[in-house]
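Take a look at the structure below.
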Amino acid sequence: MRRGRRIVALALACLLAVLAWPAREAPVEAAAPGLNVVLLVVDDIRWDSIGAAGNRVVRTPRLDRIAAEGVRFEQARVTTAICMVSRATLLTGQYMSRHGVTAFGRPLSPEAFAETWPGVLRRAGYWTGLVGKYDVGPARASDFDVLHAYHGRHWIEGPDGTRTHVTERNREDALAFLRDRPRDRRFALTVGFFAPHAEDNAKDQYLPQPWSAAAYEGVTIPAPRHGDPAYLRALPPFLSAEANEGRVRYHWRFDTPADYQAYMRRYYRLITEVDAAIGAIVDLLRAQGELERTMIVVIGDNGYFHGDRGLADKWYPYEEALRVPLLVRDPRLPRARRGGAPGARVLNLDVAPTLVAAAGLPVPARMQGRDMAPLYLQARPPAWRDAFFYEHPTITSRDRIPSSVGVIGSAWKYVEYPEHGHRQLFSLRDDPDELHDLARDPAHAGRVASMAAELEAWRARAR
């Protein structure tokens, strides 16, 4: 009996000691058992500006290795071809119509950010960070554990007058995040590279580091595939007009053969420098023993006109502006399937749910994309979308960058420019170069009407 009393007393003392011990602050949810995630967003790079996509001029050995060790989605596209909207879509997994970021400087509310992929992962105990370009309004320090947000210039001048290239700073900040993170927590890092985006107010536009010059010495860049004047003549008149921003920037960069060669060399040099920075991040993950516990996703925030159709930059719903590189290195991928190039029509919309699912967490209901992992992990991939909704806001005025909406499938593309009352219809199987607009052909009046109705249905669903 006496021994029994001693045991009860001891148990009570232990319980009181536990209750008296100061509680440590804990995340709202238990730590997730899933992968670490690293999202690498490259600015203004289209699908064919990496070696793995068949480009024999640009030097991207580290991106090519990621493609060889993972998958490269052949048919990746964006739902809006402009930086701030696309980056908001990458965060939220939502169309612009739902997330509401339609202008520069417009942020997500704290409540909306809580449902983004970094918000969901942080709430689940992940250590989160963003370095480099954010561009969804001012970045809030309260949204990340580590935040170093900056973009807009290729060379950053420090207080002591020393100059650091933005890509080098991206690299340094990303490596510091990986070195300084808590070792007992999963991590989620976004690196928003500003390069190879032009520095729009600079005379030379693309301002790379000196070391990359050797890679392009004596190199001749092939002329743009859609550089024939017929492509410019085929544009709607408000896009071919000299007041249009795509034409303005074409004259800045590409309107003579000599300018085209000089600017494209510098543009490719910026991509090669981003490639090297990505290689350093992968190397540190490997050295830390984390590479095989980390999903790495590389995506362009939009495509880019390299003088194609007489245009520069992005914005308009042609293939050059829509289609982007999308690489996924996933340690769950069987060795026999590495280096694949799935042909599913994936979108920037799909990145957020893919990262949430990789963390082993439920995907928020308001995300409109889908987890891409089954497309490469399953022996029999699931059925996937054939068409998607495109939308772009007016920037400044209808003459500078007009709004556009469209439905884009594998066989047909239908586009409206509401401010100009203009429609386009392309048969992508017969006319993949989008040269022959069929919207005013009486033989296609029925298809125009049916696709206009389909567009209205997409508008409603996207909200």
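The values are calculated or read from the model by the stated rules, or taken from the named source; none is laboratory data. Computed from a prediction, not measured in an experiment: that's the story for all the values here. Neighbour counts are summed over all protein chains in view; Cβ atoms, including those assigned to glycine, are modelled from backbone coordinates with ideal geometry. Surface areas here come from the heavy atoms of the whole protein model, side chains and all, with no ligands, DNA or RNA. Shrake-Rupley method; radii C 1.70, N 1.55, O 1.52, S 1.80 Å.
Quick look at the numbers
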item	result
Gain in span if fully extended, residue 386 to residue 68, counting 0.36 nm per residue against the direct Cα distance	111.9 nm
Ranked packing of 194-207, 118-131, most packed first, by mean Cβ within 10 Å	118-131, 194-207
Contact order relative to length of the chain, as percent, for alpha carbon pairs under 8 angstrom and 6 or more apart	24 percent
Inter-part distance where the stretch 333-383 and the stretch 429-463 are each reduced to a Cα centre, Å	29 Å
Accessible surface ranking that places the most exposed of 436, 154 first, with a 1.4 angstrom probe	436, 154
For the chain, average projected area of the Cα convex hull in nm²	28.3 nm²
Whole-number percent relative contact order across the stretch 213-361, with pairs defined as alpha carbons under 8 Å at least 6 apart	26 percent
Förster radius 41 Å - calculated FRET efficiency between residue 337 and residue 179 (Cβ-Cβ, nearest 0.05)	0.80
Sparse-neighbour loop sites [trypsin sites (Lys or Arg not before Pro); the stretch 37-79; at most 15 other C-beta within 10 Å; DSSP]	56
Calculated on alpha-carbon atoms, Rg and Dmax of the stretch 377-463 in Å	14.8, 49
With all protein chains modelled, accessible area of residue 155 [1.4 Å, Å²]	50 Å²
For the chain, share of DSSP beta bridges that run antiparallel, in % to the nearest 5	55 percent
Total formal charge among the other residues, if their Cβ is under 13 angstrom from that of residue 428, Lys/Arg +1 and Asp/Glu -1	-1
Charge sum, other residues only, whose C-beta stays under 11 Å from residue 219's C-beta, Lys/Arg counted +1 and Asp/Glu -1	+3
Nearest-0.05 FRET efficiency for residue 366 and residue 452, computed from C-beta distance (R0 30 Å)	0.65
Helix-only mean residue ellipticity at 222 nm for the chain, each DSSP H run of n ≥ 4 adding -39500 (n - 2.57), per residue, nearest 500	-9500 deg cm²/dmol
Three principal axis lengths of the stretch 174-227 [C-alpha, angstrom, descending]	52, 25, 23
Cβ charges +1 (Lys, Arg) and -1 (Asp, Glu), total dipole of the stretch 288-389, debye	420 debye
Computed over the stretch 97-170: relative contact order in percent, which uses C-alpha pairs under 8 Å that are six or more apart	25 percent
Partners for residue 413 among lysines (Cα-Cα distance below 23 Å; same-chain residues under 8 apart left out)	314
Neighbour cut-off at most 14 other Cβ (10 Å), DSSP loop, trypsin sites (Lys or Arg not before Pro), the stretch 333-393	366
Quotient of C-alpha Rg and 2.2 N^0.38 Å, computed over the stretch 282-369	1.35
Spin-label pair residue 461/residue 217, simplified geometry with 7 Å Cα→Cβ offset, distance in nm	5.4 nm
Separation between Cα centres of the stretch 234-277 and the stretch 132-209, rounded to whole Å	24 Å
Estimated FRET transfer efficiency (residue 251, residue 163; beta-carbon r; R0 35 Å; 0.05)	0.75
Surface accessible to a 1.4 Å probe, residue 69 within the full protein complex, Å²	40 Å²
Value of D in µm² per second that Stokes-Einstein yields for the stretch 230-319, Kirkwood Rh from Cα pairs, at 25 °C (0.890 mPa s)	157 µm²/s
P(r), alpha carbons of the stretch 107-169 - 10 Å bins starting at zero, rounded %	20, 43, 25, 12, 0
Cα→Cβ-extended label distance, 7 Å offset, between residue 444 and residue 428, nm	1.4 nm
Accessible area, probe 1.4 Å, largest first, for residues 377, 35	377, 35
